[in-house]
Amino acid sequence: MTTANDYRNDIRPNWCPGCGHYGVQAAIADAVAALDISPENLAVISGIGCSSRIGGYFYTYGAHTTHGRALPYAQGVKLANQDLNVVCAGGDGDAFAIGMGHTIHAFKRNVNITYIVMDNHVYGLTKGQTSPRSDIGFVTKTSPHGSFESPLPICETAIASGATFVAQSYMVNRAELVELIKQGMQHEGFSFINVFSPCVTYNKRNSYDWFKEHLTSLSTVEGYDPTNRVQALQTLGAHEGLVTGLIYRDDTKPSFEKAMAAVNGGPHPRALVHDVVKPNADVF
Ligand code: SF4
Ligand code: MG
């Protein structure tokens, strides 16, 4: 039986004391241990940013890739070795600014990986600039008069783009977050989990107290049904996106791998990748 300690290496995270990312790292370790995934069967792929350091803190396969490009890398890893469990991780700047083109296409493509975004509404590594998730009025080095832009409604965007598993959590709610990661990793298709993870150094606005005050758990919304797309979008709208729990799931859409195997008559996973560059004449 695997334990969370099996994923520890000798590298000490250099996140600031109090940074939310410690809790996300612990939750991922708890989830993969609970699923009894051994380190050699896991890859953690990350982009660039404070949160993207996370890949280096796991004793597993992994890659610390380039800014905004973790998802193409992670999807390639999965398609080349479909027996591997793949977790992709990064921050809101990495995922929803420079990486947003890849993120949208990953939502619709439905490759069977889990994407965990540590959302602190700011760029931390570059010392405090607005991100696509920053609130209106947020004063930073790049918005000295307060941000004029509204934050990107990322969970609504994910659902509208065809994502089949959309969840949101707060790293303080460890039990909920661990459960959502487990469910996401068991989901056959792309699972997206946006995790509020406060930056204590460069975002004094969206603090631990702020999240505690503003988040609503979907468990308190009467009759909430995560398979109901319209209800999911309406509920997000009613709470300005500040909900936690499993927001939406669709188990009817086949994963990218399954859809491709159906077209190709179910060959070995590696053959699927080769077929992309050598199209089947019957198909095209
Ligand atoms: Fe965490 Fe912010 Fe420090 Fe980066 S700057 S490690 S996000 S608290
Ligand atoms: Mg950030």
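We did not get these values from a lab; they are worked out from the coordinates using the rules stated. This is a predicted model, so every value here is computed, not measured. Neighbour counts are summed over all protein chains in view; Cβ atoms, including those assigned to glycine, are modelled from backbone coordinates with ideal geometry.
Within segment 30-54, the set of residues being within 16 Å of ligand 2 (Cβ to nearest atom) and either out of contact with any strand residue (DSSP E or B) (no Cβ under 7 Å at 6 or more places or on another chain) or not β-branched (Val, Ile, Thr) (or both) comprises SER46, GLY47, ILE48, GLY49, CYS50, SER51, SER52, ARG53. Sub-8 Å Cβ pairs linking a first residue in segment 117-131 that is of a type in the set (Phe, Trp, Tyr) to a second residue that is within 10 Å of ligand 1 (Cβ to nearest atom) and in a strand (DSSP E or B), at least 6 apart or interchain, are TYR123/GLY91, ordered by first then second residue.
Among the residues of segment 75-104, the ones that are surrounded by fewer than 24 Cβ atoms within 10 Å (Cβ to Cβ) and under 30 Å from TYR202 (Cα atoms) come to 7 in all.
PHE211 passes every criterion in (1) surrounded by fewer than 17 Cβ atoms within 10 Å (Cβ to Cβ); (2) closer than 12 Å to TYR170 by Cα apart from (1).
Residues in segment 15-53 that are farther than 18 Å from GLY99 by Cβ, assigned to a helix (DSSP H, G or I) and polar (S, T, N, Q): GLN25, ASN41.
Within segment 130-149, being surrounded by 17 or more Cβ atoms within 10 Å (Cβ to Cβ) and either under 30 Å from ASP83 (Cα atoms) or in contact with a Lys or Arg (Cβ under 8 Å, 6 or more places away or on another chain) (or both) holds for ASP135, PHE138.
Is it the case that segment 230-246 has a residue that's within 22 Å of LEU71 (Cα to Cα) and outside any helix (DSSP H, G or I)? Before you say what the answer is, go through the steps one by one.
Initially, segment 230-246 is screened for residues within 22 Å of LEU71 (Cα to Cα), giving 246.
Next, from what is left, pick out any that are outside any helix (DSSP H, G or I): 246.
Scanning segment 230-246, I find at least one residue that is within 22 Å of LEU71 (Cα to Cα) and outside any helix (DSSP H, G or I), so the answer is yes.
From the list LEU242, LEU246, the one residue that fits, being within 18 Å of ILE136 (Cα to Cα), away from ligand 2 (no atom under 16 Å from the Cβ) and not polar (S, T, N, Q), is LEU242.
When segment 190-217 is filtered for residues that are farther than 13 Å from MET118 by Cα and under 13 Å from the mean Cα position of the chain (by Cα), the ones remaining, listed by number, are PHE190, SER191.
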